[in-house]
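Enquirer: Sharing a structure, written as structure tokens. Questions coming.
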Amino acid sequence: MLKSMMYSQKKASSLIRNNNSSDRNIQSLQQQFVRGVIRCYDIDVITDPAAAFLWFKDRYPGAAIVEENKSLLKEKYIEAKALGVTLQTCKKKIEHLKKMVEQIGREREMENLNKCPVNNSFGQEESEAISQIRECQNSIESEMVTYKEGFNKLRHLKATI
């Protein structure tokens, strides 16, 4: 039993020695790399922060992914700006159409006040005014749908940006 115990101790100590040497190899390899980039030993690069950053940036293994993400972000930003412009034009159209409806309503009221009520039937001018109001209201509704869709897209884009 004593022999087997001594044998296992010798085996354990040899394993520890082997592990220590492999650990040293791993540590020396790890010391050659900083965040996945080969360590720079050039004094000019080490002393200049801008040059050191460029050194790191050029050799960083994730640089391609960073550039891809930057380009995707730029595309989404451009899309968000275009959506913002579209939303502003929709809003201006809606305001303009609302003012037109109000103007037509005022003109109609003024005409009704100036006319003597002979009968309660609508005249030609009255039906034209009503059709113009309906056209404006339909246009307002379609612009509102466009505005709401664009607003929801913009909200989603803002969350991803």
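The values are calculated or read from the model by the stated rules, or taken from the named source; none is laboratory data. Just so it is clear, the model here is predicted, and its values are computed rather than measured. Note that we place each Cβ from the backbone using ideal geometry, even for glycine, and neighbour counts take in every protein chain shown.
Enquirer: Residues of region 58-91 being in contact (Cβ under 8 Å) with a residue 40 or more places away in the chain and touching a Lys or Arg at 6+ places or on another chain (Cβ under 9 Å), which ones? Let's see the steps before the verdict.
Expert: Taking region 58-91 and keeping what is in contact (Cβ under 8 Å) with a residue 40 or more places away in the chain, we get 73, 76-77, 79-80, 83-84, 86-87, 90-91.
E79, A80, L83 - these are the residues of region 58-91 that are in contact (Cβ under 8 Å) with a residue 40 or more places away in the chain and touching a Lys or Arg at 6+ places or on another chain (Cβ under 9 Å).
Enquirer: Sticking with this one: Scan region 31-58 for residues that are part of a helix (DSSP H, G or I) and surrounded by fewer than 13 Cβ atoms within 10 Å (Cβ to Cβ) and jot them down.
Expert: Q31, Q32, I43, D44, T47, P49, A50, F53, L54, K57, D58
Enquirer: Next question, about the same structure. Only one of E75, E79, E95, E67 is surrounded by 11 or more Cβ atoms within 10 Å (Cβ to Cβ), assigned to a helix (DSSP H, G or I) and under 17 Å from the mean Cα position of the chain (by Cα). Can you tell me which?
Expert: Working: E75 fails: surrounded by 11 or more Cβ atoms within 10 Å (Cβ to Cβ); E95 fails: under 17 Å from the mean Cα position of the chain (by Cα); E67 fails: surrounded by 11 or more Cβ atoms within 10 Å (Cβ to Cβ).
After ruling out the rest, the residue left standing is E79.
Enquirer: What is the number of the single condition among (1) among the aliphatic types (A, V, I, L, M); (2) at pLDDT 90 or above; (3) in contact with a Phe, Trp or Tyr (Cβ under 8 Å, 6 or more places away or on another chain) that I130 does not meet?
Expert: (2)
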